[in-house]
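The next block holds one structure in the form of structure tokens; read it before the comments.
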Amino acid sequence: MGNVRGFLDFKKANNQKIAPNERVKNFKEFIKPLDKKEREIQAGRCMDCGVAFCHTGKMSEGKDIGCPLNNLIPEWNDLLYRSLWEEAFKRLELTNPFPEFTGRVCPAPCEDSCVCAINGESVSIKDNELALAENAFKEGFITPLKPQKYHGKKIAIIGSGPAGLACAYSLNLLGYKVSVYERSDKAGGLLMYGIPDMKLEKSVVQRRIALLEKSGVEFKLNQNINSKEKANKLLKEFDALILCTGASEPNTLNIKGKDLNGVKFAMDFLSENTKSLLKNSKPATTAKGKNVLVIGSGDTSVDCIAVALRQGAKSITRFERSPKKSELRSKDNPWPLKADIFTTDYGLEEARAVYQKDVREYQKLTKEFVGKDKLEGVLASDLKRENGKNVEIKGSEKLYKADLVLLAMGFSGSEKAISVNFGVKFDTKNNIATTNYQSSHEKIFSCGDARTGQSLVVWAIKDGLKCALRVHKELSGE
Ligand SMILES: Cc1cc2nc3c(=O)[nH]c(=O)nc-3n(C[C@H](O)[C@H](O)[C@H](O)COP(=O)(O)OP(=O)(O)OC[C@H]3O[C@@H](n4cnc5c(N)ncnc54)[C@H](O)[C@@H]3O)c2cc1C
Ligand code: SF4
């Protein structure tokens, strides 16, 4: 280990960001990377602590501990510190086939589990990962990876999100002819039509798809496998089918006025905007000049706020049912678990800069969407916590002006049609039921959000890689 004082001598430095007021003027990514020397110094803060938790990749009480992909973080940090960029990248690529995605969008549970984070600032793992990935593309360290030979077996993957891509990457290398069927006009799943450009420019997704194509993976776009006939045809043609269809059934609010013009699902709003940007380099105008109310508190709600801002919303408010979180870990959420604390993600930071206030309203119960032909407002009341439950405060009802509501309340599992068309059973949470990645149909496997429910890109990649090995074992007997 080259650097013996690491984090004692150097402070954490993340990539710089373009100021919120400036970056809301366009839909481009807004990070400004550190230069290579500064990045090496950051890697030198990692001390190979010997009891590293950053790469544990476990879940405890619904919270991540360390990197789900088990990235060999101390090892590539040491190589990077010693300016061995190519060697460091090769070490990273051993466990993570798509570090350019995770380096941009991963919430980095690794950093919360870093030993330095117990009473100080973690190593900047995520930014180091992105620097290694982008440098590798620039320097030509990343090239199409082909198998030595194809042995004749064929696999159809349905869905081209991160799980499908990871599965395709791995099975292609194992010598299977892989065809990926995707109902959209572009591959990438939520990487393409969910996560907005500011977090992940679409050229980055397309760059990876092009590499996979050159590696031998075939993408069949605009192919919705939405009938028994289509599913049966694939079952006859291929040795195995893998469902990587995501968890796209959105949660909704079954309250009065839910069908009013102006009440919209977050995913429709986000994908329309990305499609418009890809088609004519201009955003959609759904939120322009509107009073926007976003309901929900996860990543999707933050993305909605960021997109609505850039479209020129007049005002934005976000309702969440939970109370405001504490800025410190609670005793039920100790290190090395992913910290469950108050944070201000990028879209919220931008909204604060533009509207000069925090747009979050806590403990709100949405009761009715009000309007005649179209939405005019939202009736909501306040909640309080009583014996661990949310209880409505009587008489607190208030009308909030809104002409666009975006429902960003998560997803309730797979679309029912998947079960009917492919003849696979669902579990109690509406996800595809699997035993070791195999569904109730012996020739059909599943991974990613379709199997686990709504999760993260990093978990989808992990699930895709593991599923590929399981399918290989089944088909090869190895
Ligand atoms: C708005 C939003 C923002 C997010 N932001 C982040 C983030 O910042 N960081 C993070 O880690 N995670 C984020 N997530 C979660 C992450 O995107 C998902 O966990 C991940 O994409 C799941 O990958 P997947 O491959 O399982 O499914 P998906 O990415 O959902 O891909 C499924 C694909 O299957 C296709 N498909 C479905 N049915 C069929 C069919 N019958 N025939 C053909 N094709 C079909 C779909 O069109 C889609 O392309 C976000 C999610 C959303 C909704
Ligand atoms: S993939 Fe995510 S958790 Fe793993 S090292 Fe990268 S940022 Fe950390």
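The values are calculated or read from the model by the stated rules, or taken from the named source; none is laboratory data. Keep in mind the model is a prediction, meaning the values are calculated, not measured. For neighbour counting, all protein chains shown are included, and Cβ atoms are generated from backbone atoms with ideal geometry for every residue, glycine included. The protein model used for the area step is the full one, side chains on, heavy atoms only, and it has no ligands, DNA or RNA in it. Shrake-Rupley method; radii C 1.70, N 1.55, O 1.52, S 1.80 Å.
Structure values in brief
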quantity	calculated
Unmet requirement for Pro162, which otherwise passes all of (1) surrounded by 23 or more Cβ atoms within 10 Å (Cβ to Cβ); (2) closer than 25 Å to Ile432 by Cα; (3) more than 16 Å from ligand 1 (Cβ to nearest atom)	(3)
The range 222-257: number of residues that are surrounded by 14 or more Cβ atoms within 10 Å (Cβ to Cβ), part of a loop (DSSP other than H, G, I, E, B) and within 28 Å of the chain's Cα centre (by Cα)	11
Filter result for the condition that a residue is open to solvent by 20 Å² or more (accessible area, probe 1.4 Å), touching a strand residue (DSSP E or B) at 6+ places or on another chain (Cβ under 7 Å), over 22 Å from Leu399 (Cα atoms) and outside the structural domain of Gln206 (by TED's automatic domain parsing), over Lys282, Lys367, Lys338	Lys338
Some residue of the range 204-212 being touching a helix residue (DSSP H, G or I) at 6+ places or on another chain (Cβ under 8 Å), part of a helix (DSSP H, G or I) and within 16 Å of ligand 2 (Cβ to nearest atom)	yes
Test: Gly448 is within 16 Å of ligand 2 (Cβ to nearest atom), within 23 Å of Ala231 (Cα to Cα) and modelled with pLDDT of 95 or more	yes
Test for Ser227: is it away from ligand 1 (no atom under 12 Å from the Cβ) and not assigned by TED's automatic domain parsing to the domain that holds Ala133	no
Of all residues making up the range 47-81, the number that are at pLDDT 85 or above, on the phi > 0 side of the Ramachandran plot and within 16 Å of ligand 1 (Cβ to nearest atom)	2
Filter result for Gly189 (within 30 Å of Ala266 (Cα to Cα) and either among the β-branched types (Val, Ile, Thr) or touching a residue at least 40 places away in the same chain (Cβ under 8 Å) (or both))	yes
Residue count, the range 101-113 (criterion: within 13 Å of ligand 1 (Cβ to nearest atom) and out of contact with any Cys (no Cβ under 6 Å at 6 or more places or on another chain))	9
Conditions (1) farther than 18 Å from Cys304 by Cα; (2) in contact (Cβ under 8 Å) with a residue 12 or more places away in the chain: number failed by Lys331	(2)
Of all residues making up the range 58-73, the number that are within 11 Å of ligand 2 (Cβ to nearest atom), out of contact with any Leu (no Cβ under 7 Å at 6 or more places or on another chain) and outside any loop (DSSP other than H, G, I, E, B)	2
From Leu469, Leu383, Leu399, residue being farther than 24 Å from Leu270 by Cα, without any contact (Cβ under 8 Å) to a residue 60 or more places away in the chain and away from ligand 2 (no atom under 16 Å from the Cβ)	Leu399
Filtered residues of the range 323-374 (kept if more than 30 Å from Asp259 (Cβ to Cβ), of a type outside the set (Phe, Trp, Tyr) and not in a loop (DSSP other than H, G, I, E, B))	Leu337, Glu349, Glu350, Arg352, Ala353, Val354
When residues of the range 82-100 are limited to those that are open to solvent by less than 20 Å² (accessible area, probe 1.4 Å) and away from ligand 1 (no atom under 16 Å from the Cβ), the one farthest from Ser203 (Cα to Cα)	Ala88
